[in-house]
Each structure stands twice: as C-alpha cells, then as structure tokens.
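As structure tokens, the structure follows; a few thoughts come after it.
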Amino acid sequence: MRIAESEFIINQDGSAFHIHLRPEELADIVILVGDPGRVDMIGEYLTDIEFHRANREFVSITGKYAGKRLTALSTGIGTDNCDIVMTELDALANVDFQTREPKAIHRELTILRIGTTGAIHADIPIGSPVFSHYSVGCDGLLNWYADRDKISNLEMEEAFKKHTGWDKNLPSPYFVKASEDLIKRFEDCTVKGVTISAPGFYGPQGRVVRLGLAMPDMLEKFESFRFGEYRITNFEMESSAVAGLARHLGHKAGTVCCAIANRYLKSSNPDYKAMVRSLVELSLQRLTR
C-alpha cells in the first residue's frame with residue numbers, strides 16, 4: 001500500500017516533515033524529552049555525535065553512549081506533539097521513503113521518555129524517579145485510532161471510571177502498560193508508577209487559578225484509587241501517547257520522570273535541573289547495559 005504524499009510528508013532532503021530526521025540517522029534506541037534544552041544535556045554524555053538538528057520544538061542528535069548508538073529528540077509539551085513524533089519515528093523505521101510503502105521487515109525501536117512530574121502521594125518525595133508501569137490517557141488521543149481497546153487494560157479502565165465518577169463530557173481514559181523489558185530495567189531503582197497523562201497543566205491536573213473544575217474532587221479520587229497492586233502515582237502530559245502509539249506500532253516504550261512537585265504535600269522544587277541530570281545518567285546506564 002503506497003502512502004499518499006498528503007498523508008505523510010517527506011521533505012526535499014529526504015527527512016520526515018516535522019522532526020527533520022532521515023531514516024539512516026535514526027538509532028534503535030531513542031530518548032524523548034519535552035524540553036529542547038535537555039537534548040544538549042544528553043549530548044554531553046555522548047561520543048561520535050553525527051549531527052545536531054532543530055526544527056521548531058523538535059531538536060535531535062544521534063551519537064553513542066557506552067558504544068551503543070542512540071538518538072535523543074525533544075517533543076515539546078503534550079500528547080499532540082507526541083502523536084507527531086511517534087508517527088514519524090515509526091515511519092523512519094518502517095516506511096521505505098523511496099517507494100512510500102511499509103517495509104516487509106518490521107524494525108523495533110526502544111523508546112524512553114525522560115521527563116518531570118508531580119507526585120500525588122506523601123510517600124513519593126520530591127526527587128523520586130517514577131517509572132510509568134501504566135500510563136493513563138486522559139487526553140483522548142488513542143481514541144482516534146482503531147482498536148484502542150486492544151491496548152488498554154479495560155478492567156482497570158472501567159474500575160477507574162467507576163471510582164472517580166468520570167465526567168461524561170471528558171474523553172474516555174485508556175490504560176496502557178509500558179514495555180516489560182523497560183519495566184525490568186528500571187524496577188529496582190524507581191517508584192512503581194501509574195501515571196495520569198493530562199491534556200493540560202492546570203485544570204486537567206486539578207489546579208485551580210481562576211476557573212473551577214468539572215471534577216472538583218478529582219485529586220482525592222485519583223489518590224484513593226486502587227486496582228490490585230496499582231495506585232495512581234503522578235501527573236505528566238506525554239506518557240500515554242508514547243506508550244499507546246508504541247504498543248500499536250510494535251515498539252518498546254516507557255516513561256520515567258523525576259518528581260519535582262508533590263501535590264499531596266503542596267510542595268515543589270523549581271530548581272530541579274540537577275535531579276533531571278541524575279535521571280538522565282541513570283537512564284543512559286539502564287538503556288545501554
């Protein structure tokens with residue numbers, strides 16, 4: 001099946017439309033970060049850097065860490081940006097840019113998002129690394145794709161909606177599990193997370209500035225939810241798109257975030273760069289060992 005030019009745009013230099021990477025420039029290990037500045041932070045640890053490219057919020061490099069080739073790429077904020085990034089990364093790996101047809105042999109990527117987050121329990125102190133065993137898509141993105149039920153834990157989803165009294169005007173949430181391989185790589189050094197991936201920073205994460213909330217008791221309901229061994233642990237804004245699209249497209253993916261705020265304790269640390277750097281170092285070691 002040939003993919004039409006209107007459906008997937010290839011730049012004149014042979015690169016994917018938004019992220020400006022060419023197929024040969026993509027490594028099998030990919031680190032995603034929201035902040036474009038963090039790409040340069042990761043670059044400090046790499047050798048044999050092949051390029052440094054920027055288009056809008058999409059900044060990228062490919063180099064080596066401990067002898068293994070990897071690509072670092074910024075997504076900007078939000079699941080809408082991650083829809084672009086994940087689709088174009090998969091196309092780089094699995095679409096022939098000359099014929100515009102899917103390749104016969106599937107190439108699997110390992111994709112780790114490194115970010116920041118707000119914890120919702122008192123026992124998750126600021127500075128804690130939280131690995132999202134499950135990502136909860138409250139953004140609605142995966143509902144636009146076919147077969148979303150095949151990648152969501154439907155029992156967990158229904159229990160969550162019942163417990164929270166989920167507002168009928170909100171997108172139906174989906175629960176996507178991270179790659180088992182990545183879970184094992186990080187399980188001895190991170191908090192076991194179930195992460196709410198919100199479509200905004202304020203109201204969708206229960207923050208009130210001047211507007212009221214559709215679910216005023218949302219934080220309390222999230223904090224008290226339990227499903228077997230799992231509990232909701234934290235908020236961020238990208239993990240559901242990364243986990244969901246990766247599972248649909250046949251890639252390994254997960255998200256690990258540094259807690260820079262605790263919503264339960266109403267505390268935060270805006271000077272968090274050192275904590276993020278430590279998480280980058282840990283992630284590079286675990287991805288390449």
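The values are calculated or read from the model by the stated rules, or taken from the named source; none is laboratory data. Remember, predicted model here, so these are calculated numbers, not experimental data. Ideal geometry is used to build each Cβ from the backbone, glycine not excepted, and the neighbour counts take in all protein chains shown. Ligands, DNA and RNA are excluded from the accessible area calculation, which covers all protein heavy atoms including side chains. Shrake-Rupley method; radii C 1.70, N 1.55, O 1.52, S 1.80 Å.
Structure notes:
- The set of residues from the range 231-251 being crowded, with 18+ Cβ neighbours inside 10 Å and over 29 Å from D217 (Cα atoms) comprises L245, A246, R247, H248, L249, H251.
- Scope the range 137-158; condition part of a loop (DSSP other than H, G, I, E, B) and touching a residue at least 24 places away in the same chain (Cβ under 8 Å); matching residues: C138, D139, G140, Y145, D147, I151, S152, N153
- Any hit, the range 112-120, residues being in a loop (DSSP other than H, G, I, E, B) and either out of contact with any Ser or Thr (no Cβ under 9 Å at 6 or more places or on another chain) or open to solvent by 10 Å² or more (accessible area, probe 1.4 Å) (or both): no
- Elements of type strands (runs of 3 or more DSSP E) contained in the range 1-83, each with 1 or more residues being out of contact with any Lys or Arg (no Cβ under 8 Å at 6 or more places or on another chain), basic (K, R) and at pLDDT 95 or above: 47-55, 58-65, 68-74
- Test: S283 is of a type in the set (S, T, N, Q) and under 27 Å from K64 (Cβ atoms): yes
- Qualifying residue in the range 262-270 (condition: exposed (fewer than 14 other Cβ atoms within 10 Å of the Cβ) and not polar (S, T, N, Q)): yes
- Test: residue in the range 84-99 that is part of a strand (DSSP E or B), of a type outside the set (S, T, N, Q) and under 18 Å from the mean Cα position of the chain (by Cα): no
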